[in-house]
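The values are calculated or read from the model by the stated rules, or taken from the named source; none is laboratory data. Given the structure is predicted, the values throughout are model-derived calculations rather than measurements. With ideal geometry, Cβ positions are generated from the backbone for all residues, glycine too; neighbour counts draw on all protein chains shown.
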């Protein structure tokens, strides 16, 4: 061991160059471990460069501007196979986000309902919810995904499509939903909605401030209704914006109009939602159980109705227990969306995988997948941590 | 409240006619009372019960018809016309009867399939022994080493008169168990070291451990498996070619290590600081302190979450399907590729699901029981 290296950081108290000085020992350990790891990485790197040379693969992200030539069935933005790899990868990221965001919302709703059902006084409902949680948690997600996909492919073809509600068709082509024909004027109505929501928030703050002064609670919801629904409706009427619904209908063997959610997308969404909901249900149940019954009773003693006690006393305390594990479930759902590759839904992993098979740019492809998922994971944790900090108990 | 007291209160209110003395409502007893209290306590509850009963009955009848009454259990020589004639009104369990050896053992040589079968039994015995608290001592490590060696000998062969079977021919449940168990056996020590490193006060070591854990936990297992299948060959010098199964196993170990590190770190953090300080006061070195005082207590605290993490890995090993390794799920999916059997995947998935469920459910029940037991013994 070369001891001259260790002297670079000047110690405040002279470090003894002997094994009995813990600081010296710590420094030696770190140098040894870092050196070992750096050595292994350097060795792997040298091998990689050599292997890439012999296979005539050039490194770098230059391939991104080349033509992808890869067909993508589900694309949120305009995409043709003659577009670049970069555009294909963006389509993939959007597909991942499309399944993750909607999956998180649906799983939260379903999970909360099942978690509450498990605490129900109705024995049958509670038992069924428990069976749901136990079964779904103990089966691999990939198996569930494949089973959902098989079930969806077993649906009748377009002509005999299931037709549960007007305008909604379910066939082996996927789920067909009606849409609203989008016009530029609709953006103004949406803007009115946003303005209405912002105004509601300010009205609510003012009402709360006045309640703090005189103790009189004020009704906010009529104003909110007027601002969020009435104002945009008024804008729409004043501008004369048409709201044409694009109903899907069967023409020949296929559907025209509406929007088609592919069986791959629906299967992935169903599998992710139902699987994650089982975990969320347990989190919600634990959160509600963590608030002692004394809190309910104290709310009752203050004259609060059960709903108000839930909203003002129990829920804020339960949320503090619920939010941190819920965050990791959201992260899990997002990461699990990468199973899409098994059924051929083209998310970022699937498209990056095709890219690296076509170009041989294995390192860049894997690096892109990791970068995208790290970015998504970090933004979810960041926003959930921010929310968690907001609702955290203000301790003195 | 005694009767006289109640009457005294009743008469003390002037002008109010005395109501009949009211006791608490009699608690419902017997079957009728139970049904009333738990299924029909209110109008809403009663309506929910009736709707659920209706749905359960319909589902039950549907499953009975599809799975049993209309099902076909056996067909001669892959002649699946009878199954096809059902057109989905009944299950074709014949696919399982025909392919069960393939689903369980993959392409392992047919007459040698007792070897993976025995390996599966050793695995189950190993789990059962590890679950019993009277085996929780140092000798357990020796048992594990012995069992894993025996499984290796059984699967590979080439010694003791067993014929050699290359890894490419392994498959089915044995591979699933190998991936999960070796993942734990190597991932657990790795995770423990990383967890200790993350709590170390040596900045360089701490930074490396944090980076490892956060990087692995931030990306999906699928991407690690892809990395194992396409990047590992690039990392190695010419001439050295490691097997696909081993590469996937390395990815799973790295993945397991990061998650287990966080579980172990939870235990290290939950341990009162006084324990480490006590060890310091006795003049123990870092390694003595860690091995004799800190780890035994910290690990005991995290056994239930460790079991839960293990359930997760057991399920996650199915992801190797994506890179084409022959585990239980891949074998099941491959079993129905043959044209005669195409279209009966649901039956195969149900059977494979039951196998996965049996393992995971046993572990999760065990973890729950353990949690209550450990809580009971620590609560005084």
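Restricting the search to region B:134-169, which residues are under 21 Å from residue B:111 (Cα atoms), assigned to a helix (DSSP H, G or I) and over 22 Å from the mean Cα position of the chain (by Cα)?
Listed by number, the residues that qualify are B:150, B:152, B:153, B:154, B:155, B:156, B:167, B:168, B:169.
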Looking at (1) loosely packed, with under 13 Cβ neighbours inside 10 Å; (2) under 32 Å from the mean Cα position of the chain (by Cα); (3) more than 10 Å from chain A (Cβ to nearest Cβ), find the lone condition where residue B:43 falls short. (2)
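Look through B:254, B:215, B:184, B:246 and report the one residue that is over 21 Å from the mean Cα position of the chain (by Cα) and under 30 Å from residue A:29 (Cα atoms).
Values: B:254 fails: over 21 Å from the mean Cα position of the chain (by Cα); B:184 fails: over 21 Å from the mean Cα position of the chain (by Cα); B:246 fails: under 30 Å from residue A:29 (Cα atoms).
When all the criteria are applied, what remains is B:215.
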From A:374, A:333, grab the single residue that is crowded, with 19+ Cβ neighbours inside 10 Å, within 14 Å of chain B (Cβ to nearest Cβ) and either touching a helix residue (DSSP H, G or I) at 6+ places or on another chain (Cβ under 9 Å) or part of a helix (DSSP H, G or I) (or both). A:333
Of A:68, A:166, A:161, the only residue that is over 30 Å from residue B:57 (Cβ atoms) and away from chain B (no Cβ under 11 Å) is A:68
Limited to region B:231-242, what total is found for residues that are surrounded by 12 or more Cβ atoms within 10 Å (Cβ to Cβ) and either within 28 Å of the chain's Cα centre (by Cα) or more than 8 Å from chain A (Cβ to nearest Cβ) (or both)? 2
Pick from region A:53-90 the residues that are in contact (Cβ under 8 Å) with a residue 24 or more places away in the chain and out of contact with any helix residue (DSSP H, G or I) (no Cβ under 7 Å at 6 or more places or on another chain): which of them is nearest to residue A:348 (Cα to Cα)? A:73
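Quick check: anything in region B:170-179 surrounded by 14 or more Cβ atoms within 10 Å (Cβ to Cβ) and either more than 23 Å from the chain's Cα centre (by Cα) or over 30 Å from residue B:336 (Cβ atoms) (or both)?
Looking for residues that are surrounded by 14 or more Cβ atoms within 10 Å (Cβ to Cβ) and either more than 23 Å from the chain's Cα centre (by Cα) or over 30 Å from residue B:336 (Cβ atoms) (or both), one finds none in region B:170-179, hence no.
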Name the residues in region B:276-313 that are over 25 Å from residue A:19 (Cα atoms) and over 30 Å from the mean Cα position of the chain (by Cα), would you? none
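Test residue B:275 against the criterion of being surrounded by fewer than 20 Cβ atoms within 10 Å (Cβ to Cβ), free of Cβ contacts under 8 Å to residues at least 60 places away in the same chain and out of contact with any helix residue (DSSP H, G or I) (no Cβ under 9 Å at 6 or more places or on another chain), and give yes or no.
On the way: surrounded by fewer than 20 Cβ atoms within 10 Å (Cβ to Cβ): yes; free of Cβ contacts under 8 Å to residues at least 60 places away in the same chain: yes; out of contact with any helix residue (DSSP H, G or I) (no Cβ under 9 Å at 6 or more places or on another chain): no.
No; evaluated as a whole, the condition is false for this residue.
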1 or more residues under 30 Å from residue A:51 (Cα atoms): qualifying helices (runs of 4 or more DSSP H) within region B:241-329: B:244-270
The residue from A:170, A:155, A:191, A:151 that alone is modelled with pLDDT of 80 or more and assigned to a loop (DSSP other than H, G, I, E, B) is A:155
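If you go through region B:332-345 one residue at a time, do you hit one that is in a helix (DSSP H, G or I), touching a residue at least 24 places away in the same chain (Cβ under 8 Å), within 26 Å of residue B:83 (Cα to Cα) and within 10 Å of chain A (Cβ to nearest Cβ)?
Filtering region B:332-345 down to residues in a helix (DSSP H, G or I) leaves B:332-335, B:339-341, B:345.
Narrowing further to those that are touching a residue at least 24 places away in the same chain (Cβ under 8 Å): B:332, B:334-335, B:340-341.
Add one more test, that the residue is within 26 Å of residue B:83 (Cα to Cα), and what stays is B:332, B:334-335, B:340-341.
Now restrict to residues that are within 10 Å of chain A (Cβ to nearest Cβ): B:332.
Yes: one or more hits.
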